[in-house]
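Just so you know, all these numbers are worked out from the coordinates, no wet-lab data involved. Here the structure is a predicted model, which is why all the values come from computation and not from measurement. Please note: Cβ atoms are built from the backbone with ideal geometry, for glycine as well, and neighbour counts cover all protein chains shown.
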Amino acid sequence: MQKTPNQKAWFLVLPVLVLVAFSAVIPLMTVVNYAVQDTFGNNRFFWAGLTWFDDLLASDRMWNALGRQVAFSAIILAIEIPLGIFVALNMPKRGVWASVCLVLMALPLLIPFNVVGTIWQIFGRVDIGLLGYALSAAGIDYNYTQDAVDAWITVVVMDVWHWTSLVALLAYAGLQSIPGAYYQAARIDQASRWAVFRYIELPKMAGVLMIAILLRFMDSFMIYTEPFVVTGGGPGNATTFLSIDLVKMAMGQFDLGPAGAFSLMYFLVILAVSWAFYTVMVNLDKREG
Amino acid sequence: MARITLDNLAHSYLPDPRGEDDYALKQLDHVWQDGEAYALLGASGCGKSTLLNIISGLLQPSRGRILFDDFDVTHAATAERNIAQVFQFPVVYDTMTVRQNLAFPLKNRGASASYIAQRVQTIAAMIGMESVLDRKARGLTADAKQKISLGRGMVREDVNALLFDEPLTVIDPHMKWELRTQLKSLHRDFGHTMIYVTHDQTEALTFADKVVVMHDGRVVQIGTPEDLFERPAHTFVGYFIGSPGMNVIPAKIEGARAYVNGAEIALERGYTALSGKVEIGVRPEFARLSATEGLPVRIRRVEDVGRHKIVRAEFFGHDINIVAAEDENIGSDKTRVAFDPARVNVYANDWLVEGSAA
């Protein structure tokens, strides 16, 4: 076949380039810009090289926030994934109750983040909140504004309440796609309930579970609104996660250089983990096929 | 291995069936002999899957009993029936190796490791999969997966029956033939009771000792492939089996003669007066074109299928098919059709009427 070179075709890519430039590259470059410069005011900047990155890597503050962040994501994944699967396994497969359950499960997902924060902020208050008041009345020493452990429990329970539904719905969709013949074959083979889960349900859910883990990891790693509304990052720095710390640094202290460097590293961590997940998922698909 | 008895069996998917039309499976009494290979043949929606599900225990029949040997299993769970089933789409445990797949039913029943190892080896040799025993089942082809599900069934020595639910649906055409042959030889060598559900007559006729033809929730004929071909008990059997199917022509019967639009056709046997819808059935293979004999026919089209010719023709306003030999010269003088009197069957209300020697 004869190919006619026509360089004008490049113009056809132009709209996409412009769009991506405005939506991603230019905003990101401003951050890169701040991350490698310093200023003494009057809008005059000078080159700072990798100083901010060096400082950041040496700062306990960042490492502590990162540690809290990783711990938070690990805890909520460890709770939400098994809990979501458990809920999905126990949801009715068909009939009116299946629809009722689906709607009930979807409800928490529809509530705006700051409303969720406000709900739990009030719910947990010792003076007027149902949960806080009830716990206090029962003699349990609970106060999320003063006790770091209580603050963590509150934030974790809030996230579990808000997002387990997502995992459950995804797992439910995975379960629904398993043909009835598999369960019948398992019955014929006298497989135990555990074996059915281990060898039929779990492998068939693997794909959607990877998506669930990825989504919940990314979301929890970037969490800001809910803990900010409930605890404001406190008591002390107990619930100051990466994004809360970043906002404090950028907006509170107006340290744009370090905040820029912080943003980039934050972004790279999420990118790296997401890439790893993506690779694993693609490989899973390949093995399926 | 067991003899399976269906006693007064019927099933309706409605909670409160009234008329006969409410039954997906109409009353059925039948004994599946121990060690025989049966095919359950019928069009989609004829009740064959319902029947299979009742035997496997997925469905509880509305009426009647089902016995394995002399043991009533009507309300027994699937696991207790000790049967095996191969499904339409291959069901294997993806994450396990072929070996683990084959061992799974034995492991669940608490067999000893050495017994399992020995059985798995035997079965792998039977289904020809020794070389892939340690591969994950996930990556195998559809026909290999079907063999694994078959192997999972046969690995239990005391399995009562092997049920097949259209097992070749997703298999490539050239593998279908091979799998069917393999299945047949496994049956010959090991003598399991096998029940094979299909809507494909070739599969049914080549696989089974006895073919059970179902139509509209009813068993219309149970017989050898030869019976079904020569003496279809119901017009549906005549139409469904054979390619093309039997010619069914409305007729009037008087003694040993049939009349189609007043024209006489000789019969081998005599019949008493018949009421209702009376028809004669002749297989295209037993009709032949002629220049002099028989009744007038108008040829519309001749299809040469290589092995023989199929003549599509009009016979007193009815469509009929005639099979002519490949080398037969079909000229314009062939204006008549003659039927072999011994091969003309008489049907009253769709059911075969046995005549008496004339």
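With the structure loaded, tell me whether B:T95 is within 14 Å of chain A (Cβ to nearest Cβ), within 27 Å of B:A24 (Cβ to Cβ) and out of contact with any Leu (no Cβ under 6 Å at 6 or more places or on another chain) or whether it fails that test.
No, not satisfied.
Looking only at segment B:43-78, filter to residues that are among the β-branched types (V, I, T) and not in a helix (DSSP H, G or I); which one of those is nearest to B:M194 (Cα to Cα)?
The selected residue is B:I66.
Go through segment A:162-188 and count every residue that is within 20 Å of B:M96 (Cβ to Cβ) and away from chain B (no Cβ under 14 Å).
So the answer is 1.
Pairs under 6 Å by beta carbon, first residue away from chain A (no Cβ under 13 Å) in segment B:50-61, partner outside any loop (DSSP other than H, G, I, E, B), six or more apart or different chains?
Pairs found: B:T50/B:H11; B:T50/B:L25; B:L51/B:L25; B:P61/B:L9; B:P61/B:H11; B:P61/B:I54.
Quick grid of which residues meet (1) touching a helix residue (DSSP H, G or I) at 6+ places or on another chain (Cβ under 7 Å); (2) more than 9 Å from chain A (Cβ to nearest Cβ):
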residue: B:I83; (1), (2): yes, no
residue: B:A111; (1), (2): no, yes
residue: B:R119; (1), (2): yes, yes
residue: B:I123; (1), (2): yes, yes
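Out of curiosity, is A:G124 within 19 Å of A:A173 (Cβ to Cβ) and not aromatic (F, W, Y)?
The answer is no for A:G124.
For segment A:229-248, how many residues are touching a helix residue (DSSP H, G or I) at 6+ places or on another chain (Cβ under 6 Å), assigned to a loop (DSSP other than H, G, I, E, B) and without any contact (Cβ under 8 Å) to a residue 40 or more places away in the chain?
1
Quick one: B:Q88 ticks every box in (1) more than 23 Å from B:A24 (Cβ to Cβ); (2) within 14 Å of another protein chain (Cβ to nearest Cβ) bar one, so which box is it?
Against the list (1) more than 23 Å from B:A24 (Cβ to Cβ); (2) within 14 Å of another protein chain (Cβ to nearest Cβ), B:Q88 comes up short only on (1).
Determine, yes or no, whether B:Y13 is away from chain A (no Cβ under 14 Å), within 24 Å of B:F236 (Cβ to Cβ), part of a loop (DSSP other than H, G, I, E, B) and not charged (D, E, K, R).
Values: away from chain A (no Cβ under 14 Å): yes; within 24 Å of B:F236 (Cβ to Cβ): yes; part of a loop (DSSP other than H, G, I, E, B): yes; not charged (D, E, K, R): yes.
Yes: the conditions hold for B:Y13.
How many residues, within segment A:189-211, are among the β-branched types (V, I, T) and at the interface with chain B (Cβ under 9 Å from one of its Cβ atoms)? Don't jump to the end; show me each part of the working.
The initial filter retains those residues of segment A:189-211 that are among the β-branched types (V, I, T), namely A:196, A:200, A:208, A:211.
Imposing the further condition that a residue be at the interface with chain B (Cβ under 9 Å from one of its Cβ atoms) reduces the set to A:200.
Matching residues across segment A:189-211 total 1.
What tally of residues in segment A:240-272 results from selecting those that are β-branched (V, I, T) and farther than 19 Å from A:A58 by Cα? If you could, list the steps in order and put the result at the bottom.
Of all residues in segment A:240-272, those β-branched (V, I, T) come to A:240, A:244, A:247, A:269-270.
Subsequent filtering for residues that are farther than 19 Å from A:A58 by Cα retains A:244, A:247, A:270.
Total satisfying the criteria: 3.
Name the one entry in B:R312, B:R336 that is touching a Leu at 6+ places or on another chain (Cβ under 7 Å) and either more than 22 Å from B:G242 (Cβ to Cβ) or surrounded by 11 or more Cβ atoms within 10 Å (Cβ to Cβ) (or both).
Among B:R312, B:R336, only B:R336 is touching a Leu at 6+ places or on another chain (Cβ under 7 Å) and either more than 22 Å from B:G242 (Cβ to Cβ) or surrounded by 11 or more Cβ atoms within 10 Å (Cβ to Cβ) (or both).
Would you be able to say whether some residue in segment B:75-92 is more than 26 Å from B:E130 (Cα to Cα), touching a strand residue (DSSP E or B) at 6+ places or on another chain (Cβ under 6 Å) and of a type in the set (S, T, Y)?
No, segment B:75-92 has no match at all.
Could you name every one of the strands (runs of 3 or more DSSP E) located completely within segment B:129-241 that has at least 3 residues being surrounded by 15 or more Cβ atoms within 10 Å (Cβ to Cβ) and more than 14 Å from chain A (Cβ to nearest Cβ)?
Strands (runs of 3 or more DSSP E) meeting the threshold: B:194-198, B:210-215, B:218-223.
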